[in-house]
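This report concerns only the one structure given below.
Readers should treat all values here as calculations from the given coordinates under stated rules, not as data from a laboratory. Small disclaimer: the values here were computed from a predicted structure and weren't measured. All Cβ positions, glycine included, derive from the backbone under ideal geometry; neighbour counts span all protein chains shown.
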Amino acid sequence: TETHSGRLRSRLANPLDQLFSRGSAVYKSIRFSGGFVLAGVLLTLAACDGPPPKPVQFNDRIAKNNERWYNAIQAFKKKATEPLSKGTNVSAKDAQGAYDELNTEFKAVKRASHHMPTPVSSPTSGEFRSKYQEYMDGQEQLLQNEVKQIVATAGNEGMPPAARANAIAGISAEVDRKEKSARDGLLGAQRAFASAHSLSVPNSGGGGGGPSMGPSGMGGR
């Protein structure tokens, strides 16, 4: 019997564990403001083309792809927003460099999300994949709009660090609001997939959905 472990986070500061168990799987998730990882085993193959996977493998491919995105968001925060909340300056060059790295990682993650064959005879895997791709589309919109606002604010050395951190928190709250629909849709598809394949998803907290750039994410709080 295999055991896969992970967690579903609605926000980094408020993790929500989601266990998939059939004696064989446990699942996790993250998001942009809180970082949303649909997680499974990190030893599984990365998202890729190939023969149809088993349901648990399909979940784990999405999980590993989203884990990469989650890690990219954390790296961005450490360079561009977290120093401000500690009173440390962030230069425009450093903020832009952090964004460029984040954007490069996103392109790879989104590309992988479109190379995920679904399990054979699975009534819900197509919807699960579709909702994940919709979620990625939403993340891209945020990257091109609100996250660029965060970067401009983070690198605005005419403002004190604390003032920049507060302004970023406001932008992040808007990001969180915009993310909610796609995040909730992904979580619903995730649960339907689990149910169709006799996987249980016990609730262990509040919140929902995918990695986030909202208040507990990009705001660095």
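Run the numbers for S181 and Q141: contour at 0.36 nm per residue of separation, minus the present Cα-Cα distance, in nm. Kindly include the intermediate steps, with their values, before the conclusion.
Working: separation 40, 0.36 × 40 = 14.40 nm, distance 1.37 nm.
So the chain would gain 13.0 nm between S181 and Q141.
Quick one: which of K93/K131; K54/K78; K107/K178; K78/K180; K54/K180; K54/K79 span more than 32 angstrom between C-alpha atoms?
Pairs exceeding 32 Å: K93/K131; K54/K78; K54/K79.
Calculate the FRET efficiency for N71 and S195 from the Cβ-Cβ distance with a Förster distance of 25 Å, rounded to the nearest 0.05.
0.30
Rounded if a/c is under 1.5, else prolate if a/b beats b/c, else oblate: with a ≥ b ≥ c from the C-alpha gyration tensor eigenvalues square-rooted, which is the range 100-165?
Note, shape of the range 100-165 comes out prolate.
Mind running the shape call on the range 56-116? Use the C-alpha gyration tensor, a ≥ b ≥ c as the square roots of the eigenvalues: rounded below 1.5 for a/c, prolate if a/b tops b/c, oblate otherwise.
Here the range 56-116 falls in the oblate category.
Between S91 and T104, what is the label-to-label distance in nm when each label sits 7 Å out along the Cα-to-Cβ direction?
Each label point is offset 7 Å from its Cα along the Cβ direction, giving 1.8 nm.
Sort V120, V56, V151 by Cβ crowding within 10 Å, fewest neighbours at the top.
Least crowded to most crowded, the residues run V120, V56, V151.
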